[in-house]
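As structure tokens, the structure follows; a few thoughts come after it.
The values are calculated or read from the model by the stated rules, or taken from the named source; none is laboratory data. Everything numeric in this text was worked out from a predicted model, so none of it was measured. Please note: Cβ atoms are built from the backbone with ideal geometry, for glycine as well, and neighbour counts cover all protein chains shown.
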Amino acid sequence: MPGRVASAAGGLLSYFTRHRTAANLLLLLLIVAGLFSAPRMRAQFFPDVIVETVSVSVIWEGAGPEEVDAGIVQLLEPELRAVEGVEETTSQSLEGLATITLDFEPGWDMARATNDVQAAVDAETDLPEETEEPEVTRGAWRDRVTDVVITGPVAVDQLGRLTDELVDRLFAAGITRTTIRGLAAPETLVEVPSVELMRHDITMAEIAAVLAAEAETAPAGDVSGGNTRVRTGVEKRSAASIAGVVLRSYPDGSKLTVGDLAHVRVEGADRERAYFVGPHPAISLRVDRSDRGDAIEMEAGVRAVVAGMTPSLPEGVRIDLIQTQADYIAGRLDILLGNGLMGLGLVLGLLFLFLNARTAFWVAAGIPVAMLATAALMFAAGLTINMISLFALIITLGIVVDDAIVVGEHADFRARHLGEPPVLAAENAARRMAAPVFSATLTTIVAFYALVVIGGRMGHLIADIPFTVIAVLTASLLECFLILPNHMVHALAHSAKEHWYDWPSRQFNRGFRRFREGPFRRLMRLVIRGRYPVMAGCLLLLAVQVAAVIRGDVPWRFFNAPEERSVSGNFMMLSGAERADAAAMMAELQRAAEAVGARYAAEYGTDPVTYALAEMGGNAGRGLAGAEIKDPDLLGAISLELIDADARPYSSFDFVRALQDEVRPHPKVESLSFRSWRAGPGGDALDVEFFGAEARVLKAAAERLKTELSRFGEVSALEDSLAYDKEEAVLDLTAQGAALGFTIEDLGRVLRHRINGIEAATYPEGPRSATIRVELPEAELTADFLDRLQVRSPQGVYLPLADLVTVERRTGFSSVRRENGLRVVTVTGDLSEDDPARAAEISAELKEAMLPGIERDLGVSWRLGGLSEQERDFLADARLGFGLCLVGIYLVLAWIFSSWSRPLAVMAIVPFGLVGAIWGHAHWDVPLSMFTVVGLIGMTGIIINDSIVLVGTVDEYAERRALVPAIVDAAADRLRPVLLTTLTTVLGLAPLLFETSQQAQFLKPTVITLVYGLGFGVGLVLLVVPSLLAIGQDVGQALRALRRALGRRGRRALPVPAVMALALAAVFAATLLPVLATGRLPGVLLAVLPPLGAVSAAAAGLILFLAGGGLVALAAWALSRPSRQPGAPDR
């Protein structure tokens, strides 16, 4: 097969080797394509992880969560789960709102999905009549670029006008995805007391209808040849004009106006959500990008717009950019780029040390050519420059030259030692190395391609690695066989004489040859002579490292997400608290942040807090459970931006703990939670879902788990998804009410108007939509409102509501959440990873003690979500991917070697890569992680390349000599390329081992796995492969001897070994088997040999087995000795 591969490629290789310009034209094409593409690639921190979703929202005003769940969700969700392509459904029922979110399979046509969901919703005709038309929306992905904060000692209205101007300027600059926060749309309230409604016998709906008509005008056309435009009506939208709107005109000429029975007022622009920087009001503007936007370019555009607007700002007003991404992304990419360049320098130095300067130059030229070609392929595929793709490029720094090393080194060998002309040497080297290089590259591609099997969010995160590595290796093959041979012709033409610049290489190679021909050959002979002890030692080394993982000496941490610079604290006040109470709590958070910052500044020399943005009327980031039903006046938060993680000796978790200890909660605080934010697609570190019981039992389970977890200082941001709801009054019409002509639907409409108010009109005002609402005064909506309420009967008489309905009061929960139709309650929290061993202890106690105890005591079922769920899915996919990787590599090797057994000898080195990988993690005190698994799968394809080269050469030499000399000669002859290909990969990654930046630590497990796995692996290849080949010869001889023994002449000798085998099996069954099955020795043996009771059962069983086996072997030896006849002569 190798010959057929070489001959198939020969014509093309010969053409490019001998043609004067073809190779350079291809080289120029690859360089131009890369130079064109690289500057146009977008840069970001992580790859975009876009989840394709479709949401269905249904509004049912006035309905409670349980009603919404029963009347909407339980009707729609079964139909929606049947839509083709749906992978998972999640629903949430809140007061007056149902939301069902559908996750679709990766790669599904989302336009079709949206249409299918709309069709399924339209087919459902049994929704309650009071519900509004269901709204189907496709999920829109956004990623934050920066937040722009406008603040100063001026009114919020003036800040709002400045914000509108900034939005217009950004839009003109091409930055279109902006969201204003802290500036409410204009709203005019018409507050009508109930007594006035009864006095004038008018309803809120009638008032709203009149206001809607008066707020609008209508064009009537043009007159006088088009010189005059006629408009009917005058817009009445100001508070004064609304107060003058006539509701009724009486026969005596008097009129009833809105001002006669209502109070009209305009709400402030900060009535919903207000932001503060220190004591001054602020408005926040969030700038997002789409999946095609470049964060660095967009932030530069924002800064340019802000710089142009700053000179015209009022005194004291400033515009700040917080939570910026450009510097963050550029800084992290520079870290990897700097380490990559350093690794490139080490690789080049190694090449010039092993190879002569001209050969090393053309071999090294393959690195930038392959990288530029890869950039062109990545750009064409829509990939970005990010931490993952750039890391993949660094991985390939050393791999990319492996092919060129093998071809270039062999061409140099043929020219120097075989005396071939340069053209023939380069051409023959490419032909001769085509099969081994192609097979080695193909196995590496197969290994990295196996990573595409990993799905979910983590699969999306690492998807750039296999594409990038495969693109680099493909480009490397092109450069190696179509470009390098042509350049090697020119390099070899000057190799006849010595050059001064080759002096270091000559000196090194002179010493290397002495080592190879002397100590190394003696070592190989010794390894082959002691092949069984060598293999036993290697297996023992592997067992020791695996045992360290099993014992937990090397801990496991699935995903160590890089920490961001943001910390947030959210709070929620008890019902009955006022906005002033929330303002006091917000001020306390500001005070605590300043106090902790000052304390850290005194201790470490720098205040870690660079910006503090407080808010009222909402929560920061992910809101607290139950916040959606709270009055906005009872919510608040603080968002802190810290200095970079590399600029402080403590983590954001430490800061959060200090902040928690410093805050003095307000007496009316219901919930207070702090969180430090992390980058990446990972979920919550703690995420437990309870299901399989009624809501109150699920809530009890959640509360118990939060109580038990709160004992640990490493746990923060504990909350559950099931908050208590406000009291619910269930009304039922009495017989008296029905007799008077009332219906429960009419009463419900009146109550909704009285409690929730009516939106009378909306109209444009500047860039926002203003509203006019008719409501009761807030003072009337007290606890006894239903007892005092009077409603108008069809006969025009006002009657107490209490005489018409019965009222059942009950408390429930603020939401009903379901996953795939199953009601669940989720407990989430953050777990500090500063001490991985401690985090592992807490996680183990959670799974082994806390959750089983809750399940036993409360009868609920549970499952782990968040990072635990992603870990479970990742490892399942990784096992499948690794299995497919091994199968794929075996098939490739079986094709290359034209043998079913030879690939096993090549692949035997794979498990020994664990030796270096595990030891490296223990040495650097780095936990194993998902990136370790990624590294192991990738290393599988790399580590066997040396084994392929060695086994292939042994097979070639064994055709002309005995196996043992062939092994020794092959190991010596291939030592230089084996060492060179491994060391280039190791040195290319080595600088990242010593990188101290916190943002690159999550990649370190892959670096350790590859560096130490391959570093140890090359030594083990030179021990394991020769030993296995020699053992294989022994096994072959033994099998041949067995076949002879089974022949006619050997059958007479069979009884002795058969009896010995049965005896050895009996000894095993009497000693070791009971220990393995029950953990103790049989009582008979302990009675016969009492001293064995003083040692462990395992040790005693092993001692007895070895002793019994020795006696069996001695008996076999004695029986196998030929009997000597009396009088027979001595031999």
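Couple of notes before you dig in:
- If you go through the range 779-818 and pick out every residue that is in contact with a strand residue (DSSP E or B) (Cβ under 8 Å, 6 or more places away or on another chain) and under 28 Å from VAL245 (Cα atoms), you end up with 6.
- Residue selected from the range 68-116 under the condition of a type in the set (S, T, N, Q) and outside any helix (DSSP H, G or I), by the criterion farthest from the chain's Cα centre (by Cα): SER93
- Tallying residues that are assigned to a loop (DSSP other than H, G, I, E, B) and either in contact with a Leu (Cβ under 8 Å, 6 or more places away or on another chain) or under 27 Å from VAL825 (Cα atoms) (or both) within the range 603-640 yields 13.
- The one condition from (1) surrounded by 10 or more Cβ atoms within 10 Å (Cβ to Cβ); (2) assigned to a helix (DSSP H, G or I) that ARG1080 does not meet is (2).
- Residue list for the range 23-54, restricted to those being in contact with a Lys or Arg (Cβ under 8 Å, 6 or more places away or on another chain) and loosely packed, with under 15 Cβ neighbours inside 10 Å: VAL51
- No other residue among LEU875, LEU893, LEU867, LEU851 is at pLDDT below 85 and either exposed (fewer than 14 other Cβ atoms within 10 Å of the Cβ) or not hydroxyl-bearing (Ser, Thr, Tyr) (or both) apart from LEU867.
- Any hit, the range 641-651, residues being in contact with a helix residue (DSSP H, G or I) (Cβ under 7 Å, 6 or more places away or on another chain), more than 19 Å from ALA583 (Cβ to Cβ) and part of a helix (DSSP H, G or I): yes
- Residue within the range 773-784 that is acidic (Asp, Glu) and either touching a Gly at 6+ places or on another chain (Cβ under 6 Å) or surrounded by 15 or more Cβ atoms within 10 Å (Cβ to Cβ) (or both) present: yes
- Residue list for the range 159-195, restricted to those being assigned to a loop (DSSP other than H, G, I, E, B) and either acidic (Asp, Glu) or without any contact (Cβ under 8 Å) to a residue 40 or more places away in the chain (or both): THR176
- Selection status of ASP803, free of Cβ contacts under 8 Å to residues at least 12 places away in the same chain and more than 48 Å from the chain's Cα centre (by Cα): no
- Of all residues in the range 273-317, those satisfying the criterion of being in a loop (DSSP other than H, G, I, E, B), touching a strand residue (DSSP E or B) at 6+ places or on another chain (Cβ under 9 Å) and of a type in the set (Asp, Glu) are ASP291, ASP294.
- Residue within the range 950-961 that is surrounded by fewer than 24 Cβ atoms within 10 Å (Cβ to Cβ), of a type in the set (Asp, Glu), in a helix (DSSP H, G or I) and out of contact with any Asp or Glu (no Cβ under 9 Å at 6 or more places or on another chain) present: yes
- Subset of the range 126-157 (residues that are under 30 Å from PRO311 (Cβ atoms) and not β-branched (Val, Ile, Thr)): ARG144, ASP147, GLY152, PRO153, ALA155, ASP157
- Single condition ASP553 does not satisfy, out of (1) in the same structural domain as LEU635 (by TED's automatic domain parsing); (2) touching a residue at least 24 places away in the same chain (Cβ under 8 Å); (3) charged (D, E, K, R): (1)
- Exclusive hit being assigned to a helix (DSSP H, G or I) and either outside the structural domain of ALA905 (by TED's automatic domain parsing) or without any contact (Cβ under 8 Å) to a residue 24 or more places away in the chain (or both), set ALA971, ALA966: ALA966
- Within the range 374-383, tally of residues that are of a type outside the set (A, V, I, L, M), touching a residue at least 24 places away in the same chain (Cβ under 8 Å) and surrounded by fewer than 21 Cβ atoms within 10 Å (Cβ to Cβ): 1
- Enumeration of residues in the range 249-269 that are in contact with an Asp or Glu (Cβ under 9 Å, 6 or more places away or on another chain) and either in a loop (DSSP other than H, G, I, E, B) or closer than 26 Å to ILE385 by Cα (or both): ALA262, GLU267, GLY268, ALA269
- So ARG510, is it farther than 19 Å from ARG414 by Cα and without any contact (Cβ under 8 Å) to a residue 12 or more places away in the chain: no
- Restricting the range 194-221 to residues that are among the acidic types (Asp, Glu) and at pLDDT 85 or above leaves a set whose member that is surrounded by the fewest Cβ atoms within 10 Å (Cβ to Cβ) is ASP201.
- Test: residue in the range 464-473 that is at pLDDT below 85 and either surrounded by fewer than 23 Cβ atoms within 10 Å (Cβ to Cβ) or in contact with a Gly (Cβ under 9 Å, 6 or more places away or on another chain) (or both): no
- Identity of the residue in the range 587-613, buried (at least 19 other Cβ atoms within 10 Å of the Cβ) and of a type in the set (Val, Ile, Thr), that ends up nearest to the chain's Cα centre (by Cα): VAL609
- Residue that is farthest from the chain's Cα centre (by Cα) [pool: residues in the range 809-824 that are surrounded by fewer than 12 Cβ atoms within 10 Å (Cβ to Cβ) and charged (D, E, K, R)]: ARG809
- The range 442-457, subset surrounded by 22 or more Cβ atoms within 10 Å (Cβ to Cβ) and not hydrophobic (A, V, I, L, M, F, W, C), residue farthest from the chain's Cα centre (by Cα): THR443
- Taken over the range 505-517, residues that are surrounded by 11 or more Cβ atoms within 10 Å (Cβ to Cβ) and among the small types (Gly, Ala, Ser) amount to 1.
- Residue pairs whose Cβ atoms lie under 8 Å apart, separated by 6 or more positions or on different chains, with the first residue in the range 48-60 and under 23 Å from ALA295 (Cβ atoms) and charged (D, E, K, R) and the second modelled with pLDDT under 85 and assigned to a strand (DSSP E or B), are ASP48/ASP143.
- In the range 640-651, residue surrounded by the most Cβ atoms within 10 Å (Cβ to Cβ) [restricted to those that are within 18 Å of GLY605 (Cβ to Cβ) and in contact (Cβ under 8 Å) with a residue 60 or more places away in the chain]: LEU642
- Across the range 351-373, the number of residues qualifying as small (Gly, Ala, Ser), in contact (Cβ under 8 Å) with a residue 60 or more places away in the chain and in contact with a Leu (Cβ under 7 Å, 6 or more places away or on another chain) comes to 3.
- Scanning the range 827-841 for residues that are outside any loop (DSSP other than H, G, I, E, B) and touching a helix residue (DSSP H, G or I) at 6+ places or on another chain (Cβ under 8 Å) turns up VAL827, THR828, GLY829, ASP830, LEU831.
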